[in-house]
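One structure is given below, encoded as structure tokens.
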Amino acid sequence: MAGSDTHSGAVPLRFCPNSNDLLYPKEDRVNKKLVYFCRNCDYTIAATENCVHRRTIFHSASEITAVIHDVRTDPTLPRSKDVQCSLCDAREAVFFSQTTTEGMSLFFQCINCGNKWKDTGTVA
Ligand SMILES: [Zn+2]
Ligand SMILES: [Zn+2]
């Protein structure tokens with residue numbers, strides 16, 4: 001069982017070691033981090049722990065925006081009501097993580113107008 005499977009390039013799915021359930025991402029506002037949690041038990045793990053794969057692909061800001069499609073209708077993504085859209089002032093957004101040249105970042109998309117932005121950790 002010493003096979004190497006680290007070359008898939010995709011974000012690996014994570015499973016709960018307790019109940020074997022798929023772990024879901026959620027935002028930890030306290031630590032400004034993305035964590036994965038189990039819906040069946042209270043297992044939680046920091047998302048960045050194993051996400052240090054170095055990538056040589058450079059994404060410009062416009063490329064990142066292009067990669068992110070309209071995710072508002074994706075039922076698998078978590079939502080946050082702890083944000084405010086700078087365009088329409090809506091207070092609900094879908095959020096997800098994306099690996100950029102700066103590392104793992106959180107992105108939001110307003111469910112009202114589709115505006116996308118990166119989590120800077122400071123919301124006015
Ligand atoms: Zn579990
Ligand atoms: Zn909006």
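The values are calculated or read from the model by the stated rules, or taken from the named source; none is laboratory data. The model shown is predicted, which means the values in this text are computed figures rather than measured ones. Neighbour counts are summed over all protein chains in view; Cβ atoms, including those assigned to glycine, are modelled from backbone coordinates with ideal geometry. Protein only, heavy atoms only, side chains kept; ligands, DNA and RNA dropped before computing areas. Shrake-Rupley method; radii C 1.70, N 1.55, O 1.52, S 1.80 Å.
Stretch Ile45-Asn18 to full length: gain in nm at 0.36 nm per residue minus the Cα-Cα span? It would help to have the intermediate numbers written out before the result.
Details: separation 27, 0.36 × 27 = 9.72 nm, distance 1.24 nm.
The Ile45-Asn18 span can extend by a further 8.5 nm.
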Problem - Solvent exposure, largest accessible area first (probe 1.4 Å, DNA, RNA and ligands not counted), of Ile45, Ile111 - result: Ile111, Ile45
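So, by mean Cβ neighbours within 10 angstrom, what's the order for 99-110, 20-31 with the highest one leading? Working shown, then result.
Values: 99-110: 16.8, 20-31: 13.8.
Averaged packing, sorted descending, gives the order 99-110, 20-31.
Determine the gain in length on full extension of the stretch Arg29-Thr76; use 0.36 nm per residue of separation and subtract their C-alpha separation, reporting nm with one decimal. Write out the running numbers ahead of the final one.
Working: separation 47, 0.36 × 47 = 16.92 nm, distance 1.98 nm.
Full-extension gain reported as 14.9 nm.
Write down the accessible area per residue of the range 13-52 in Å², having rolled a 1.4 Å probe over the full set of protein chains. Please list the in-between numbers first.
On the way: 2640 Å² over 40 residues.
On a per-residue basis, the range 13-52 sits at 66 Å².
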